[in-house]
Amino acid sequence: MSALRVLVLAESSATEATPISLEQVALARKLAEPSGGQVSAIVLGPRSSDVDRQLISGGADKVYAAEESISYDPDVWVATISHLVSETSAGVVIFGHTSSGSDLAPRLAFRLSGSIATNCENAAIENGMIVATRVCYGGKARSVLRLSRNPAIITLRPGSLTPLAPDTSRVGETKSISANTEKARSKLLERKQEDVRGLRLETAKVVIGGGRGLGGPEGFKLLEQLASKLGAVVGASRVACDLGWCPPSMQIGLTGKTITPDLYIAVGISGASQHMAGCAGAKTIVAINSDAKAPIFADASIGIVGDYKELLPKILDEIQRLNS
Amino acid sequence: MKILVCVKQIQDPEIAPGLFKVDEASNSVVAVPGIAQVISPYDEQAIEAALRIKEKTPEAKVVVITLGAASARDVLKHGLSMGADEAVLVEGPKNGSADGFVTASVLSEAIKKLAPFDLILTGRQSADLDAGVVACGLAELLGIPSVNFAKSVDVSDGNVVVDRVLDNGFEKIQVQLPALVTVSNEMGPARKPNLRETMKASRKPMQSWPQNDVNKDAGASQELIRLYVPIKEKHCEIIGGTSAGETAQMLVRKLRDGRLI
Amino acid sequence: MSDSDIMEFDVVIVGAGPAGLAAAIRIKQLAQSTSTEVSVCVLEKGTAVGAHILSGAVIDPRALSELIPDWKERGAPLNTIAAEDKFVFLTEKSSYRLPTPPQMNNHGNYIVSVGALCRWLGEQAEALGVEIYPGFPAARLLWDQSGSEILGVATGDAGIGRDGSKTDNYQPGMEIRARQTIFAEGCRGSLTKKLFEQLSLRANCDPQTYGIGIKELWEVDSPLFQPGTVMHTIGWPLDSGTYGGSFLYHLDQNKIAVGFVIGLDYSNPYLSPFDEFQRFKSHPKIRPMFQGGRRIGYGARALSEGGYQSIPQLAFAGGVLVGDCAGLLNVPKIKGTHTAMKSGMLAAEAIVDHFSKNNSDRTVSDYPKRLASSWVWDELYLARNIRPSFRAGLFGGLMYSAVDTYVLRGRAPWTFHNHADHLQLDRREKHTPISYPKPDGEITFDKMSSVALSNTNHERNQPVHLKLRDPAIAIDVNLQNYDAPEQRYCPAGVYEIVRNSSTGEPTLLINAENCVHCKTCDIKDPTQNIDWAVPEPGGGPIYPDM
């Protein structure tokens, strides 16, 4: 088998690679290693040498970085990535299953007539071909796909894998690339990055989620109170977001965030598989719901059937009492 | 203005989880007898988005299109009952093809026959395969710009303006028509069919095109090796005190003992 | 309401069950044969035809054969011929086979899903030009100014909030006016109930009596599975004063329909039909059939047991009653599909005749006459004393039934009367609470995981469709005197007494979104304080071929 080149689209802030990027690099390493292949990361957004170092110590051999941060535009980004894929003859491209990754990956797949599996939990090489396990049927099932065309493009669900332990002895080079901007067809009128809560959700150790059962946006105030006591981050079910009770960045689920906390307290959340797909990685789920038939009780390890409006204040009191 | 909405018929994703069953021998989901298949909810929201545009631009014509078996007429009828004007069934396998390349290719050929059009709307992903591949593919094959994950869609002066949902916020994007936009669940609930539109629906035009008429062999890009339901090994312990206070105490102790808080 | 919210048809049919669809098909058949145009619209509250249908069921194909003689060629879903027929008496540990009563002999009958049958009938009806609108319940009666004539029905409004105000999704209902309205709502129809009250249609008959049927559908993996097997049991776990028993039908494809029917004239307020059913499945004779199987359906529905004595006035100005909302079920046979279909057909024939004669009388009085001279009447007349005789207890009832069937052959010169079910409940002091075994999660289940399998769903933000005439009665009477029996007779866990955590004060919580539309609360509430109304369009169970 010839050496497999794997490309990872890394996302980062100016100083730090996102956790999912490091998961992608870990997966890339796993796929490239057996054939003695190479892992390259592309960073098109804001970055610094810190980010490069992080990616390299996380498993990348090379970082292709835009000299200047390229504002997100799917046409520009896809053209730039596509060019790099051809140039490096990458056999696999791994995106995060994020709002940009799931925006770019299918476009790239069609642009290059490759094959694609989105929403993956893992991938492996079998008989020289990429085999990916992905989440489907609203989180109820998994499918395993063999990707038969080159390149194989994958989007990886955040929280699916553990990043490699950083190895600072690793060395790698950073090569600068330039954007292919002539393809731009869309105009950005406004970008609102309203809060960082969404990003914190994915790394939080304790998460409190609210759903339709809260009865309205006011219920979330009670959750925030509890969250501040526990150092937790508040998230929400899809319905609560769709009803406008909280911003979509708080959504936990198949089309929202994937969380992997030690403790997830789900309040007034029925537990549709859509939602559970986003919190299945929680170590302990506590469900509080007035509806005893809510399917969440089947997924929770601790359940309370009751009215959250009565319960939460008592829980707050109790924590207060224990802390004092 | 002509708006095309691509929709898909799927097994009802809201049925009791206990009824969801996979036949591992054939790698397929076992249909629940007696339970009607439905329109994929994201696609239903795409119709909603189209109808909201139509409310502001009454001359707009909304055409619903699907790739599927004869039974998929039901989801087209659903779209017409919501208020769409016309429908096209592209005959194919039940619930469409699992290969996004094949689906996009077949649909793009059909859509070319419906040209000229201004806007294509569809759900961000089908609620069965949850892949989210076909829409972008369609835009690529048709050579038009596309915007993913819309929370709202507005059309004005030959442009479409989309509020696109990001992981941590929104962006407002403008692209020139013709364009394709995928609709996310943040669009909010779709309207229910009302009786008057439903009564009219059977008299609205519904075309049926045999697939060979529009198909171009795209070649498979993937192979399904296995479909399975992950095993859950959880047992829920229900805590119940005689009062909310007692229950709260029991819970907090338990979490404290488990070093979770 | 503006004109644009009114549609007119010759006939509107409320309910796409066997009776309503048979009527629709018959009307179109007759119109076709005489080359006349009769427009027919069917309103159905289920989101799809068959979604709300729940029945045993072994059916007698007699009416179907009269309606569509070539049903076999047309692919009607009658796939399993009822074969072996067992009638069994259970004690806690044992079982005894009894001679199968002739009414229960199922020779020539079929084990079917009535849901599937209705879907098929719906297709036949649509092919004939019937317009069927599932997901649009008829919510109101349209009266003329005098309040004595029915002009049609109106569908319910959608998008009304829990507090009664209009939400963003508000959509007003629509008036469907018709020359004749056929009410085919099934047992205890909510519009039928209003007709009874306003037109005094029950003035000359006995009160209706009812049973509640709870059913599960299983996929089994058992050597005891044998397609076509029909078994009915009586006895354990019910006491001999409570009328009821089980049915167990082996369908094709390893499916078993199992259910339990209990007469709603039971007296012990602590009785829980749901738990009796679960307990029944744990009997050593029954349990092995389900071992290792998978439960794939759950639901419940009330059925009429009053029979001949309780049949109300069936035709009135502007409309007729057909099927089980007219109470046409044959109790000893435990079958009502054939009588329901036949009544629909007879109503259709009478109505088409009435139209063709340009009869200006708005009452199709010919329909009850035709029914009275049909085989439906003979069946119900001959069976009329069997069910009431069980008021003497199980053994008295069995003995009387044997004499009535074998010696008198239904022609006794007397007719027992029926009593109203809600009046039969004893006060709590007369009984002690029943302690039901805990569900094992394999063969027996709790109520909530059961309800989840009915796929029932209601928009939460809508007025509660189970209306208390006087909310205070729920506590002052129901809880005080009967220990809130609605908590137990409701098979869907809709009713729940919750106590304030600090004051201990009880209130009745109505979890309306769990409702499976069985109508038991509307029937059994001791002071008739609960009115079941149709919920917002789209609400209710989605039964998988039940």
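Rule-based calculations on the coordinates, nothing more; no lab input. Quick caveat, the model's predicted, so the values are computed rather than measured. Neighbour counts run over all protein chains shown; Cβ positions are idealised from the backbone, glycine included.
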* To do: Please tell me the relative contact order of chain A in percent, rounded to the nearest whole number, where contacts are Cα pairs under 8 Å and at least six residues apart.
  => 14
* Asked: How large are Rg and Dmax for the protein assembly as shown when only the alpha carbon atoms are used, in Å?
  -> 31.6, 105
* How many percent of DSSP beta bridges within the stretch C:1-112 run antiparallel, rounded to 5? -> 65
* Asked: Considering amide H positions built from the backbone, and no H for Pro or chain starts, which residues 5 or more places from B:Gly132, or on another chain, come under 5 Å of its amide H?
  -> B:Ser126
* What does the helix-only formula give at 222 nm for chain B: each DSSP H stretch with n ≥ 4 adding -39500 (n - 2.57), the total divided by the residues, and the result rounded to the nearest 500 deg cm²/dmol? -> -8500 deg cm²/dmol
* Using a cut-off of 18 Å between alpha-carbon atoms, which aspartates and glutamates can reach C:Lys357, once sequence neighbours fewer than 8 places away in the same chain are excluded? -> C:Asp10, C:Glu37, C:Glu349, C:Asp366
* Can you give the angle from 0 to 90° between the axis of helix A:308-323 and the longest principal axis of chain A, with both taken from C-alpha atoms, to the nearest 10? -> 80
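Restricting to bridges with both residues inside chain A, how much of the DSSP beta-bridge set is antiparallel, in percent to the nearest 5? Before the final figure, lay out each step's value.
On the way: 14 of 61 bridges.
If I count the DSSP bridges inside chain A, around 25 percent turn out antiparallel.
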* Structure fact -> Here the stretch C:452-460 yields Karplus 3J(HN,Hα) values (6.51, -1.76, 1.60; θ = phi - 60°; whole Hz; Gly and Pro given as x) of 4, 6, 7, 6, 6, 7, 9, 3, 6
* Structure fact -> With label points set 7 Å from each Cα along the Cα-to-Cβ direction at B:Arg196 and C:Ala372, the distance between them in nm comes to 4.5
* Asked: In the Gaussian network model of chain A, springs joining C-alpha atoms below 10 Å, which of A:Ala26, A:Ala14, A:Ala90 carries the largest mean-square fluctuation?
  -> A:Ala14
* Mind checking the full-extension length gain between C:Leu509 and C:Gln528? Use 0.36 nm per residue of separation minus the Cα-Cα distance, one decimal, nm. => 5.1 nm
* Amide N of the stretch B:89-106 lying under 18 Å from the label point, which is placed 7 angstrom from the Cα of B:Gln207 along Cα→Cβ -> B:89-92, B:105-106
* **Inter-chain Cβ neighbour average for residues A:301-313, partner chain, 10 Å** => 5
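Going by how many other beta carbons lie within 10 Å of each one, how would you line up C:Met546, C:Met289, A:Met129, fewest first? The partial results should precede the final answer.
Working: C:Met546 30, C:Met289 21, A:Met129 16.
Ranking C:Met546, C:Met289, A:Met129 by Cβ neighbours within 10 Å, fewest first, gives A:Met129, C:Met289, C:Met546.
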* Quote the FRET efficiency, to the nearest 0.05, computed for C:Ser282 versus C:Ala127 with a Förster distance R0 of 45 Å and r equal to the Cβ-Cβ distance. => 0.45
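When only Cα pairs under 8 Å and 6 or more residues apart are kept, what is the percent relative contact order across chain C?
On the way: 1290 pairs, mean separation 109.3, N = 546.
It comes to 20 percent, rounded to a whole number.
Sum -39500 (n - 2.57) across every DSSP H segment of at least 4 residues in chain A, then divide by the residue count to get the 222 nm mean residue ellipticity, nearest 500.
For chain A, the value works out to -9000 deg cm²/dmol.
Quote to one decimal, in nm, the extra length available between C:Ser240 and C:Val403 on full extension: 0.36 nm per residue of separation minus the C-alpha distance between them.
Details: separation 163, 0.36 × 163 = 58.68 nm, distance 1.91 nm.
Roughly 56.8 nm would be gained on extension.
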* Structure fact -> So, relative contact order of the stretch B:2-214 in percent, Cα under 8 Å, 6 or more apart, is 26
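Would you mind getting me the FRET efficiency between B:Lys254 and C:Asn457? Use the beta-carbon distance for r and R0 = 41 Å, nearest 0.05.
Working: r = 33 Å, r/R0 = 0.80.
After rounding, the FRET efficiency stands at 0.80.
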* Asked: Which lysines, on any chain, are close to C:Lys193 with Cα under 17 Å apart, when same-chain ones fewer than 8 places away are left out?
  -> C:Lys45, C:Lys467, C:Lys519, C:Lys524
* Would you list B:Leu89, C:Leu224, C:Leu121 from fewest to most Cβ contacts within 10 Å? -> C:Leu224, B:Leu89, C:Leu121
* Structure fact -> Honestly the stretch B:2-214 on the Cα gyration tensor test (a ≥ b ≥ c root eigenvalues; a/c under 1.5 rounded, otherwise a/b vs b/c for prolate or oblate) is just rounded
* Asked: Say each of A:Arg185 and A:Asp50 gets a label point 7 Å from the Cα, pointing the same way as Cα to Cβ; how far apart are those two points in nm?
  -> 3.8
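Could you check what % of the DSSP bridge pairs in the stretch B:2-214 are antiparallel, to the nearest 5? Before the final figure, lay out the partial values.
On the way: 18 of 46 bridges.
DSSP beta bridges in the stretch B:2-214 are roughly 40 percent antiparallel.
Of the listed pairs B:Lys54/B:Lys192; C:Lys281/C:Lys447; C:Lys333/C:Lys447; A:Lys283/C:Lys447, which have alpha-carbon separations greater than 18 Å here?
On the way: B:Lys54/B:Lys192 16 Å; C:Lys281/C:Lys447 14 Å; C:Lys333/C:Lys447 29 Å; A:Lys283/C:Lys447 29 Å.
Cα-Cα > 18 Å for C:Lys333/C:Lys447; A:Lys283/C:Lys447; rest within.
Assuming R0 = 56 Å, can you tell me the calculated FRET efficiency for the pair A:Ser176 and B:Ser28, based on Cβ-Cβ distance, to the nearest 0.05?
0.70
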* Taking other Cβ within 10 Å of each residue's Cβ, how do C:Phe183, C:Phe87 sort, fewest first? -> C:Phe87, C:Phe183
* To do: Starting from the Cα of B:Lys61, draw a straight line to each of the lysines and keep only those under 18 Å, dropping any in the same chain fewer than 8 residues away.
  => B:Lys2, B:Lys77, B:Lys112, B:Lys113, B:Lys200, B:Lys204
